[in-house]
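The block underneath contains the structure these notes are about, expressed in structure tokens.
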Amino acid sequence: MAKYAGFHWKKNDSGNFIADEKHSANSCNKYLKYYITQSTQMSVMHGFDYTTSFYRKKYNEASTHKHRRALVLTSRKLVRLIYVLLRDSKLYVSVSHDTVIE
């Protein structure tokens with residue numbers, strides 16, 4: 001699902017050379033990528049627990065393009081969460097809640 005949404009990168013390596021800048025693949029659903037990226041941006045801005053701490057961690061790890069790199073990696077993580085919730089037919093419940101809804 002992450003590949004379909006465009007959150008994967010093309011290899012740009014040759015021999016011992018490993019490129020610092022990698023471009024995301026163009027063969028994706030551009031609307032899905034846009035809306036997931038926007039929802040990730042809003043969840044980070046409004047303090048959603050699941051994305052904010054991961055975003056900050058990735059933002060601090062990056063040397064260039066900090067916001068873009070952290071946003072794309074957080075979007076990829078959000079896609080994995082959405083996929084698991086849909087696959088298992090469950091609703092997301094924040095860690096602060098004690099009950100699980102099925």
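For beta carbons closer than 6 Å, sequence separation of 6+ or different chains, a first residue in region 40-66 that is closer than 26 Å to V93 by Cβ and a second that is of a type in the set (G, A, S) and surrounded by 15 or more Cβ atoms within 10 Å (Cβ to Cβ), the qualifying pairs are T40/S75; T51/S43; Y55/A70; K58/A70. Among the residues of region 59-93, those identified as touching a Lys or Arg at 6+ places or on another chain (Cβ under 6 Å) and small (G, A, S) are A62, A70.
Consider Y55 carefully, then state whether it is touching a Leu at 6+ places or on another chain (Cβ under 8 Å), modelled with pLDDT under 85 and at negative phi. No; evaluated as a whole, the condition is false for this residue.
Being surrounded by 15 or more Cβ atoms within 10 Å (Cβ to Cβ) and either hydrophobic (A, V, I, L, M, F, W, C) or closer than 15 Å to A2 by Cβ (or both) is true for just one of T37, T52. Which residue is that?
Going through T37, T52 in turn, the sole match is T37.
From the set of residues in region 22-34 that are under 14 Å from V72 (Cβ atoms) and modelled with pLDDT under 70, which is surrounded by the fewest Cβ atoms within 10 Å (Cβ to Cβ)? Looking at the filtered set, the residue picked out is H23.
Looking at (1) under 15 Å from the mean Cα position of the chain (by Cα); (2) among the polar types (S, T, N, Q); (3) modelled with pLDDT of 90 or more, can you tell me which one S43 breaks? With respect to (1) under 15 Å from the mean Cα position of the chain (by Cα); (2) among the polar types (S, T, N, Q); (3) modelled with pLDDT of 90 or more, S43 is out only on (3).
The values are calculated or read from the model by the stated rules, or taken from the named source; none is laboratory data. Since we're looking at a predicted model, the values are computed, not measured. Note: ideal-geometry Cβ built from the backbone for every residue, glycine included; neighbour counts use all protein chains shown.
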